[in-house]
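Novice: Below: one structure in structure tokens.
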Amino acid sequence: MQAVRVKYREQQKYICFEGQLTYTSFLECVAKKFNIPNLDFKVFDDSKTEVDEDVFDFLMKKQNLGVLEICQAQGPNPDDSSASTSFTSSSGEIEVDSDDTILLEHSPTTRRRADDTSLARMVEDVLKNKPGGERIINEYARTKSLTDSRRRDMVKILVAHMTSEHGTSPSRRVKEKYAKGIITLFPYLADPRSRLGYEHFYNAEDGSGYLAWRLKFIQKEASNGQNKTPRMSKTQMGGPTSDRDCFREDNCLMTDSLCSEAIALMKHTADEGIVMMKMKQTFNYRQKMIHDPVKSSDIFLDFPRFLDIGGLIEQDFTLMFDEATSVKFLEKWPTIYKQKVLEQSRGLTQSDDLQYLVQNAECTIEVENGWDSDMSSILILVHLLPPSPHGRKRPGKLSARQACDHLVKFVKTGTSIQGHLDGITESLQPYLLAVGTQRNVIHKYFIVIDKHAVPCKSPGSLACFDELFKAHFVFGTSYNHDLVNMYNFLQTTIYEIDVDTTKVNPRVAELRARMLR
């Protein structure tokens, strides 16, 4: 506990406090103690020099505080004793009545706020004292964001400081402090979809994040490339393969015999209305089948109407979640996220492929045989969230252009769809098959899954991509490894599905923070 003494018009009283006494709380305390009607004060030190808020914080750290004179603004000068308050250290000799002592106790929230401020100042001081740090601070002040290169510079500077202060293996607490300091100093870099906001800089649960990755690189260099056992990540169950609670409705068929009758009826009826109704009634049965490793491969044998009636994927997805979730992508992408994706793409290296996509997305120049505006904007997102390395697996890391080929494939009108399916030689995750005269003139889209072609209900590329995303959940299949960053971004940012239980790459969290600010 620290004590200071206040003098105001011949009255002298103690103020005792725990934690950090701020300039504002000091003025409030003085005004309340002496019944001063306002906070219009000026603060002067022993040399009669006015003290501002920053200097006050510095003085409070001194052991011998000295004398501070508090003058109301209307006072002519600090020597005007009729309007001044002297603020001295507890080492003074004047005695005061104990009733004049007050205790300024800071709440846990106030203490946390003070701690956060301290961490932000620590990060700011490190950046200001290192080459390139001022450019980082200035760029954020100008744009409320950091480009990838500036973010990398910031991480390098902070990790260098961290290792110099705490060694190459700093504690979890230290890494969390730096990560928290970053988003406190730069609040727009925080990820609003994560629990703490700074997990993309450091996630204590699995040791991931930009700071952790940089530390691992430094540790690897320090150990001359010696292999170390990787830390196992905590399993998180969010995403399309999660086994969810079954849909509940009064007319839902609960017994296997009734479901078998409905399945038999659907295979032979030509009435699409009946098929839609019976598919809804057998939703629970179908979901149990999908999550059964033995029965899941027979889903298109038992429910072949997926292959000739559009809209069944949309219906199952809506039953799994709700109508509000189902429409989010088509509502938000063209009105909000398409433009944001274009804005973010300007910070990327402008390869020929990316330039063609941007031109098509903006509809400025029509590139021969290029994708339409909506599909181009989605493929730009793949460039913003390129594939992660495969580790030691072949073929290593794919480029964003190669990853785009795993999202949508083009075949000319007249090409045999069955021939395309028969030509699949490896197990691939769901993708769109676009059939048309050229890429920007598509007549029909199909979702290719398990060597089956599921027709999309809509002819539009945006609605067909929305259906592709939903097919992962409806059929319980995982995302393509080279597209998982893009799909996780859409899932947690736009559809807002399993936000708390889905582990995302720090690059995903960073882009999510930029988009949601």
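Novice: Any residue at all in segment 447-454 that's crowded, with 18+ Cβ neighbours inside 10 Å and either among the aromatic types (Phe, Trp, Tyr) or in the same structural domain as GLN287 (by TED's automatic domain parsing) (or both)?
Specialist: No: segment 447-454 contains no residue that is crowded, with 18+ Cβ neighbours inside 10 Å and either among the aromatic types (Phe, Trp, Tyr) or in the same structural domain as GLN287 (by TED's automatic domain parsing) (or both).
Novice: Here is a follow-up. When you go through (1) at pLDDT 80 or above; (2) surrounded by fewer than 13 Cβ atoms within 10 Å (Cβ to Cβ) one by one for LYS234, which number turns out not to apply?
Specialist: (1)
Novice: Let me ask something else. Every residue in segment 344-367 that is part of a helix (DSSP H, G or I) and surrounded by fewer than 12 Cβ atoms within 10 Å (Cβ to Cβ), please.
Specialist: Scanning segment 344-367 gives a single hit, ASP352.
Novice: Can you name the residue in segment 368-383 that is outside any helix (DSSP H, G or I) and over 19 Å from THR335 (Cα atoms) and, of all such residues, is modelled with the lowest pLDDT?
Specialist: Ranking the qualifying residues of segment 368-383, first place goes to GLU368.
Here is a yes/no grid of residues against (1) of a type outside the set (D, E, K, R); (2) surrounded by fewer than 21 Cβ atoms within 10 Å (Cβ to Cβ); (3) assigned to a helix (DSSP H, G or I):
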{"position": "SER118", "(1), (2), (3)": "yes, yes, yes"}
{"position": "ASP125", "(1), (2), (3)": "no, yes, yes"}
{"position": "ASN138", "(1), (2), (3)": "yes, yes, yes"}
{"position": "SER145", "(1), (2), (3)": "yes, yes, no"}
{"position": "HIS161", "(1), (2), (3)": "yes, yes, yes"}
{"position": "PRO170", "(1), (2), (3)": "yes, yes, no"}
{"position": "VAL174", "(1), (2), (3)": "yes, yes, yes"}
{"position": "THR184", "(1), (2), (3)": "yes, no, yes"}
{"position": "PHE201", "(1), (2), (3)": "yes, no, no"}
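Novice: Here is a check on your reading of the model: is ASN138 at pLDDT 90 or above and among the polar types (S, T, N, Q)?
Specialist: Spelling it out, ASN138 is indeed at pLDDT 90 or above and among the polar types (S, T, N, Q).
Novice: Give the residues of segment 414-439 that are of a type in the set (S, T, N, Q) and assigned to a helix (DSSP H, G or I), sorted by residue number.
Specialist: GLN418
Novice: When segment 500-517 is examined, which residues are found to be assigned to a loop (DSSP other than H, G, I, E, B) and surrounded by 23 or more Cβ atoms within 10 Å (Cβ to Cβ)?
Specialist: Residue satisfying the conditions is VAL504 alone.
The values are calculated or read from the model by the stated rules, or taken from the named source; none is laboratory data. Values in this document were obtained by computation on a predicted structure and should not be read as measured data. Every residue, glycine as well, gets a Cβ built from its backbone with ideal geometry; the counts of neighbours run over all protein chains shown.
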